[in-house]
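Only one structure is covered here, and it is reproduced in the block below.
All of the numbers you see were taken from the coordinates with simple rules; none came from a lab. Remember, it's a predicted structure, so these values are computed and weren't measured experimentally. All Cβ positions, even for glycine, are placed from backbone atoms using ideal geometry, and neighbour counts span all protein chains on display.
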Amino acid sequence: MGRSRRTLPEELLLLALDPTTGTTAQPQSLDLGLAGAQLVELALAGRIAPDGDRIAVVVPRPTGDPTLDCALELLRRRGAPVRAVHWIGGPRLGLRQTYLSHLERCGMVHAVAGQMCGVLPTTRYQATDTEISREIRTRLDSAIRTGVPPDPRTAALAALAHAVGLGKHLYPGNEGRSSRSRLRDLIRHDPMGGLVAHAVMDVQNGVAAQPRRNSAPAGRQAPAGGRSAPEPARGVPAQPHRGSMARAVAH
């Protein structure tokens, strides 16, 4: 996989980066979105494929991108398809910083050191090539405003942007309400992007990772409405991990 094309995690991070403050919007949910974006990028590269609500490695050959290849190897080591919500809800300490550092090495952002309250060290990131961010935003705007079905990459980017809550950052206020609605609707244009985006939202909302059952398990009473109460899944936090990047990036 060549480096002539930016990856979805990189594009999602550039979308979230505020050009004025140098901070990232929705930092906690963005961490989940970056993990999900890696899955979509690996699927676009033909390395993994959806298997129901699970992710299966179909070609373990490295892509040439070190960060993606690390994720691919971790998936391969599982030995069996893993549920998307389990993968995205797992610990991803340092992932956002990894991509910020990568963008800095590529010359797309530069780090600005500072202090919070005159004491705590902070690092903000300013885009050095606004044309790149503008091109990404233009693709998204075009997909929203023209009604033309977008390519899978743009559809997945839109789905992830909606899932992590970037809609109000990209299209603020009452005037942006219709654009936010159309951003949400783009989730249907890419099956993999939709699967991952829904998994990101499920982790944020604390939705149990167990498949829904039509009847209650033996020995347990189903709640009103006839649907069994979901059980928390092991290893999937009810809320996204907070504070993992507090010392590295000022939110």
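Which of (1) over 17 Å from the mean Cα position of the chain (by Cα); (2) crowded, with 17+ Cβ neighbours inside 10 Å; (3) of a type in the set (A, V, I, L, M) does L74 not meet, given it meets every other one?
Failing condition for L74: (2).
Looking for whichever is small (G, A, S) and within 13 Å of V40 (Cα to Cα) here; the options are A163, A158. Which one fits?
Selected residue: A158, the only one of A163, A158 that is small (G, A, S) and within 13 Å of V40 (Cα to Cα).
Exactly one condition in (1) touching a residue at least 12 places away in the same chain (Cβ under 8 Å); (2) within 20 Å of S29 (Cα to Cα) is false for S101; which is it?
S101 satisfies all of (1) touching a residue at least 12 places away in the same chain (Cβ under 8 Å); (2) within 20 Å of S29 (Cα to Cα) except (1).
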